[in-house]
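Step one of this worksheet: look at the structure below.
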Amino acid sequence: AQARLGAQNQGTAVNTAANHSPAFVVLFAGMDVGETPRRKDSSILGLALSRSTPRSKSSAPSSSAVTARQLDVADRISARYAEDVKDVEAKRRTAYVPISQREVVVPCDRAAARTVKSDFDRVLKKAGGDMLGWDQQLKQDSIQKHLHFLHHHAKTGRFAENYGPEGRYHGDFLNSMRHGKGEHEFRGEVYDGSWKWDKRDGPGSLSLTDGTEIKGDWQAGLPHGVATVVAPDGMPTYEGDFRNGRRHGLGKQIYASGDVYDGSWENGRQHGRGVYHFTNGDKYYGMWKEGRYHGQGVFHYTNGSISRREYSDGIITSVQDFDATCSRFGRSLQRDGLMRHTADGNFPREVFMLSHV
């Protein structure tokens, strides 16, 4: 009976408080019966904010809740983020500055020219009836705005452009882009030749930092066409065709060992028919695939002997040597015979007439 009476009295107190303060109901919503409400402690960030603005003594936190450590941390937080708050507030206020009073920001003339160039390239890549004529393309509003800006701000003619201690350019410009003839020096590399739309394009010569020189045709910034690579000592190491910066087509390569390859290339590797000259005088006439022997080929040795070979992705599959005594080729040896040990009784000794084969 006493318990029921206590519960009723407490419920009456809650209902009475609810009529006067809705926040009181929320405070008691998650509490058990008979539990005493706890006062919420102030956070460190809250203390920092509360100390930034003077308050009355009645609203200030009690001295028992504010410890020396909390005050110290609050001061450090305020000092740490004070400048950030000022910067954010300054940026917010700039949004309300009239346009006429704002600082004029002029776009990059070279970036605008590149945008126009990329727009034209995109049109040229379209196929069939979707392609627009040049007159229709030039009438577009975006193109007209870019051309108007370039007409008043971009430089066209012969100028000098410095890149500080890293390099310089002296030559022709078109709409602030390197276009025409010019000499470009950057981080020790020097290119002297033709330019097109801010890239090496046409005949030119590039000197690298190690002394190597590349002379020939360029396209889109890379060797493309016929070019020659000259070593620092002045000896040519490659003469032939390039495509997109790689050896592609017919060309002659001189290696550091003294060996020479003269033949077909594809994507920077020996591919197709070619002749390999060894430093000891031996020669190999045959086929290549991605830098490896592939297909039929013939070795010509300095002592006059000849050996026919057949390869598959660099792996030898058959051998047939030339017999000088009868002036004809001997019996062909397949790969299964090549894999036998010389001590094996079935090893074809008569086939191996050359000690180095």
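The values are calculated or read from the model by the stated rules, or taken from the named source; none is laboratory data. Just so we're clear, the structure is a prediction, and the values are computed from it rather than from any experiment. In this analysis, Cβ positions are derived from the backbone assuming ideal geometry, glycine residues included, and neighbour counts consider all displayed protein chains. These accessible areas exclude ligands, DNA and RNA; they are computed on the full protein's heavy atoms, side chains included. Shrake-Rupley method; radii C 1.70, N 1.55, O 1.52, S 1.80 Å.
Given 0.36 nm per residue, what is the gain on full extension from R246 to V85 after removing their alpha carbon distance, in nm?
52.5 nm
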Sum of side-chain charges, E266 neighbourhood, beta-carbon under 12 Å (Lys, Arg +1; Asp, Glu -1):
+4
Per-selection Rg to Rh, segment 245-314 - Cα, Kirkwood hydrodynamic radius:
0.98
From the phi angles alone, apply the Karplus equation (6.51, -1.76, 1.60; θ = phi - 60°) to segment 155-171 and give each ³J(HN,Hα) in whole Hz, x where the residue is Gly or Pro.
9, 9, x, 10, 9, 10, 10, 9, 10, x, x, 7, x, 7, 9, 9, x
Inverting the mean 1/r over all pairs of different Cα atoms, compute the Kirkwood radius of segment 185-244 and quote it in Å.
11.5
Starting from the Cα of T212, step 7 Å along the direction of its Cβ; do the same at D282; then give the gap between the two resulting points in nm.
2.8
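Can you tell me how much longer the chain between V190 and E290 gets when fully stretched, taken as 0.36 nm per residue apart minus their C-alpha distance, in nm with one decimal? The partial results should precede the final answer.
Values: separation 100, 0.36 × 100 = 36.00 nm, distance 3.23 nm.
Residue separation times 0.36 nm, minus the Cα-Cα distance, leaves 32.8 nm.
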What is the distance, in nm, between label points placed 7 Å from the Cα along the Cα-to-Cβ direction at M235 and at K117?
3.9
With no solvent and one equal point scatterer placed on each C-alpha of segment 200-321, evaluate the Debye formula and give log10 I(q)/I(0) for q = 0.12 Å⁻¹, two decimals.
-0.51
Over segment 276-326, how many percent of alpha carbon pairs lie in each 5 Å bin up to the one with the longest distance?
5, 21, 27, 23, 16, 5, 1, 0
Over 24 Å between C-alpha atoms is what I'm after, so list which of K145/K181; K199/K289; K117/K145 land there.
K145/K181; K199/K289
How high is the FRET efficiency between A160 and E103 when r is their beta carbon distance and R₀ equals 25 Å, given to the nearest 0.05?
0.30
Accessible-area ranking of Y255, Y293, Y261, Y301, largest first, probe 1.4 Å:
Y255, Y293, Y301, Y261
What do you reckon, how do S207, S100, S318 stack up by accessible area (1.4 Å probe), largest on top?
S100, S207, S318
